[in-house]
Amino acid sequence: MEAQFIQPNTSIYSSRSLGVENRQEPTVSLEQLLLRINSNENQAGLDLQQFTAAERQVLSAYFRGQNGGNRAPQATLLTEGFDDITTLPGAGYSFVNVSDAVGLTDWFQGNETVFPAQSGGPTSYIGANFNNTGGTIINNFMITPILNLENGDEITFWTRSPDASTFPDRLEVRIDPTGANTDPSGPASVGSYTELLLEINPTLVVGGYPDVWTEFTATVTGLAGAVDTRVAFRYWVTDAGPFGNNSDYIGIDTLTIEEGAGGGGGGVSIVYAKDGGFCTSGDFGSFPVDGPYTIAPGNNVPSAVFAGDFDGSGTLFGLNNDNVSLVSIDTATGAETVIGPLTNLATGDTPTGLAWNEANGTMYASSFGGGSGTNIYTVDLTTGTLTLIGAASNPSGIWLAIDNSGNAFMADLDDNLYSVDLTTATSSLVGALGIAINFAQDADFDPATGILYMGAYVGGGVNQFCSVDTTTGAVTQLGTVNADCAELTIVAIEGDGGTGGGCSIVSDCNLSDVTPDDATSPDVWDRPFADGTCCSGLGPVSYDVYGPFTVDVTGLYTIDSDQDGGNWDGYIFLYETCFDPLDQTTNFVAGDDDGPGGIGTSQILDINLTVGTEYYLITTGFAAGDFGAFTNTITGVGTASCGGPVVTYDDCSGAIALACGDSVTGETLTATDSGGNAAPDVFYKFTGTGTPQLVTISLCAATDYDSLLRVFDDCDLLNELAVNDDFCGLQS
């Protein structure tokens, strides 16, 4: 049914709640609430631990208004103040009421006797109420004009219900992902508006719909690209109507739709995040680092875990403040496993930060609250034991983050960024963040790009996901998380620091190996095609990295791969300088699927490799489910070496001179076989004094393989003076 617009009166266009015309002020004023925030802001706890639900609504409305001016400018696609809703159909809006029995009202001009508008004249908003149905189900749509939308675009509006209403309301924001724009056709129908972006009071609880003007932001998701489509506001209430237990009166004001920062996609890192529970009961999940910033899949983790980060093995750890322990977190389910108590946590402190240092393979933590300032620790990941390094000069460091090179930073609740010396815990002011933060926060570096990202929490549910300039401290606001209603206690970006400027690499320097044994391994990717273009779409596919490796002679080399005698369909790729599985095209050199032996073999033939350049050989499957053992060989004009320079003393003429008392460390991984046994070898030389001497040569300090010692009198290797095998275990 299409709407007819009639000016409201105080009967059918009113609220069911008693006393709505005499709006009561909150029992605590906004000024008093702000004073409480200022007194509590040095606490690392959650917002909801300090304020009641009604108080949080007041704060939420205030902070949304304050934070609006902080947002980065974006192109505006639509703006509507609802000053005169009779003009809306001519502007392309549609109003479709498909309730079970269409009632006395539809969408109508705001009724100032219920409450005045959020902005403009007192009636400058659009309303809907319990009289939308004469039955028990309200299904009433306000649909915008057609807009060209993309994932990441933002829909912002203000809404509220009457004070202290005892008849719950619900509102949904939806889009049509196809652009078909098919109207709903019945009391349960959504038409083609199948993508739900936001739902206010989904379970229809009393007090679940804000009773002060509150701003909401819905981020566009679910589109395959740019789509000409429409946004639908669905007033959707069951057990509704004049005689139902639900439905009262809602208003919508100041609608704005803006272009966003983008909708994510391939080649970006994933942020694992936990909402402290302001708007949920503790959702844990993930979102792309470049948006949209909606936590998915939304696993519920109600415990108070403050701070989290991945270690070098890809395990996510967190600091649980409920039982003051170190926990590991399953990223698929959010399930926690307690490692052990945070032994040696400073008395009275709350844990606030957790950060992995890729440069030295150590986890660090921070805490404050006991009066000794911000304390910095190392963390034993096997027991949870903390070792105090010292106290930083800033009093209330709320998170800790460390880049790939070992440079540490923390934000303080004084709204500044500090650098931290991890050897002494000394902190130095970098600069102002440019955003007022309160309560729990977290941040992490993207190991693939080196950019620092922060889940900044303002208060009242209002938040911003930001990048942070580590040279000035200033944040750049990128978007809001969970429609601007989340307090992130964990922000952890998965990846390995690696080498070469933040490459995400995993390598064991073995040319013969086994790829991860199933597609749920963390080492999976969407592989490119053989020409380096992205991407196959046949993943996730397991992969193994050999590298970085170098060659000792510039020239042509051939790389062959045998995939377990042809038992599985493999693929090989070669990258130079850096390999990042999330950026499949950058630094690509060559690739091959089926080599001369057909399926189960691969070959990169006569590729020119240069001395001094680091290369990465990737062995992977053709598609998900293709994995297994493999053997790769690299042959050519010189020798390839992984994990270090090519050995130059694997020939007698290049032997390294030793003197009595010397101790050396070496390797045979990249050496050649000089004969005598089928194993690579290296040479050392000793020159005596000219008189008889007793000389002991020992490998008993331990090699990680079965070693053999042989002694010759010259480099023709014809006169063997001594030999020993297994004098001390497998060592000689």
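Tabulated results
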| item | result |
| --- | --- |
| Directionally averaged projected area (convex hull, Cα atoms, segment 270-493), nm² | 10.1 nm² |
| Alpha-carbon centroid distance for the pair segment 77-139 / segment 194-222, whole angstrom | 17 Å |
| FRET efficiency for Glu259 and Cys534, using Cβ-Cβ distance with R0 set to 22 Å, rounded to 0.05 | 0.30 |
| Prolate/oblate/rounded call for segment 512-642, Cα gyration tensor, a/c under 1.5 rounded | prolate |
| Contour minus Cα-Cα distance for Thr343 and Leu718 (0.36 nm per residue) | 128.7 nm |
| Segment 526-607, relative contact order [Cα under 8 Å, separation at least 6], % | 35 percent |
| Reciprocal mean inverse distance between Cα atoms of segment 538-599 - Kirkwood radius, Å | 13.5 Å |
| Total formal charge among the other residues, if their Cβ is under 10 angstrom from that of Leu433, Lys/Arg +1 and Asp/Glu -1 | -4 |
| Nearest-0.05 FRET efficiency for Thr633 and Asp228, computed from C-beta distance (R0 56 Å) | 0.55 |
| Distribution of pairwise C-alpha distances over segment 309-436, 10 Å bins, in % | 14, 46, 33, 7 |
| Protection proxy ranking of 200-208, 404-412, 464-472 - average other beta-carbon atoms within 10 Å, highest first | 404-412, 464-472, 200-208 |
| Nitroxide proxy distance, nm - points 7 Å out along Cα→Cβ at Thr315 and Leu699 | 3.3 nm |
| Length-normalised contact order for segment 75-258 - Cα pairs under 8 Å, 6+ apart - percent | 34 percent |
| Between segment 362-430 and segment 303-353, the Cα center-to-center distance that results, in Å | 15 Å |
| Overall dimensions of segment 75-258 as given by Cα atoms, namely Rg and Dmax in Å | 15.2, 45 |
| Descending Cα extents along the principal axes, segment 105-170, whole Å | 38, 31, 20 |
| Over segment 270-493, relative contact order from alpha-carbon pairs under 8 Å, at least 6 apart, % | 18 percent |
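Values quoted throughout were computed directly from the atomic coordinates according to the rules given, and no laboratory measurement underlies them. Keep in mind that this is a model prediction, so the values were computed, not measured. Every residue, glycine as well, gets a Cβ built from its backbone with ideal geometry; the counts of neighbours run over all protein chains shown.
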